[in-house]
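To keep things clear, I will list the structure first and then write my remarks on it.
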Amino acid sequence: MSKLRLDVLLLLSCGHMVVDMYQGALPAILPFLKDNLGLSYTVTGTILIVANITSSIVQPVFGFLSDKKEKAFLLPLGALLAGAGLSLVPLTESYPLILLLVAVSGLGVAAYHPEGFKTARFFTGERMATGMSVFSVGGNTGMALGPIAALSIVNYFGFASLSWMVLPSLVFTVIIIALRKTVAIPQSKEAVASKADPRKTEGAYRSLFIIICVIVMRTWTHFGLMTYIPFYYISYLKGDPVFAGRIVSMFLLGVRLGRWRAPRSPIVGVTGSG
């Protein structure tokens, strides 16, 4: 059993923050996409649906691949795709291309999480709750910072300047590649860690199905509010877009605080939107 490596966990947590920052930023910029392209509310909401399908529903595929063998390259690749996809959105007025870009960003989010959770779990040692909390707080912070960061850039520098949001993903990608040997799980230890105990898998599928159903119902409302709060405040109440981003951030902080206070799922990594 490895010891808790706080340095590695903090690095992975920073990556978690970077990746989830882009996931949190997308709902905040939807009103600008709606106005720039003259989209209806339904068509605009489809953008977020595509992002959620690729970032959440596709995520088990990356988890399956990660379980087969260590896929450390998913950490830098996921962060890079998450940032590049969102940051290229302001450079096009083609709706199909925007859907493609948010799908790429969503795939980046989906790629990072399974390998990130797996790697973080290995470096927690016997202090799993502490270690996984360190990793999770990065995602919580990123989701809350995303709307504020995106709308601050748009408000002060213009919508086209949103492309500068690619910088955090580029910085993390360079750092994680440079430290790839530090975060790599030794193959021999990985095989031992991934070996399942048959006694612990009894009833796992049934429990997992119940948890997924609860997450689906919760996320339906969660993303509905997160998507249309900015529309309501900006378009109906004629409010400041930056303050709309702060409202979304406060909502996300409340959600994350509620998750932190709630009992942890026995299935590590089952977090809904990440």
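Return one whole number: the accessible area per residue of region 13-146 in Å², for a 1.4 Å probe.
On the way: 4920 Å² over 134 residues.
Here the residues of region 13-146 average 37 Å² of exposed surface.
Evaluated at 10 °C with a viscosity of 1.306 mPa s, what Stokes-Einstein diffusion coefficient in µm²/s does region 40-120 have when Rh comes from the Kirkwood expression over alpha-carbon pairs? Could the numbers behind the result be given before it?
Numbers: Rh = 12.9 Å.
Estimated via Stokes-Einstein, D reaches 123 µm²/s.
Project the alpha carbons of region 9-71 onto their principal axes and report the range along each, largest first, in whole Å.
Reported extents, whole Å, longest axis first: 45, 25, 11.
Could you tell me whether region 1-140 comes out rounded, prolate or oblate from its Cα gyration tensor? Rule is a ≥ b ≥ c as square roots of the eigenvalues, rounded for a/c under 1.5, then prolate if a/b exceeds b/c, otherwise oblate.
Working: a/c = 2.86, a/b = 2.28, b/c = 1.26.
It is prolate, given that a/c is not under 1.5 and a/b is the larger ratio.
With a sphere of radius 13 Å drawn around the Cβ of GLU126, what net charge do the other residues whose Cβ falls strictly inside it have (Lys, Arg +1; Asp, Glu -1)?
Details: positive: LYS3, ARG5, ARG121, ARG127; negative: none.
After counting each charged neighbour, the total is +4.
Carbon-plus-sulfur fraction of the accessible area of region 12-82, 1.4 Å probe, in percent?
Values: 2020 of 2790 Å².
Percent of accessible area from carbon and sulfur atoms in region 12-82: 72.
The values are calculated or read from the model by the stated rules, or taken from the named source; none is laboratory data. Computed from a predicted structure; not experimentally measured. Counting neighbours? That spans all protein chains shown, and the Cβs are built from the backbone with ideal geometry, glycine included. Surface accessibility is based on the protein's heavy atoms, side chains included, excluding ligands, DNA and RNA. Shrake-Rupley method; radii C 1.70, N 1.55, O 1.52, S 1.80 Å.
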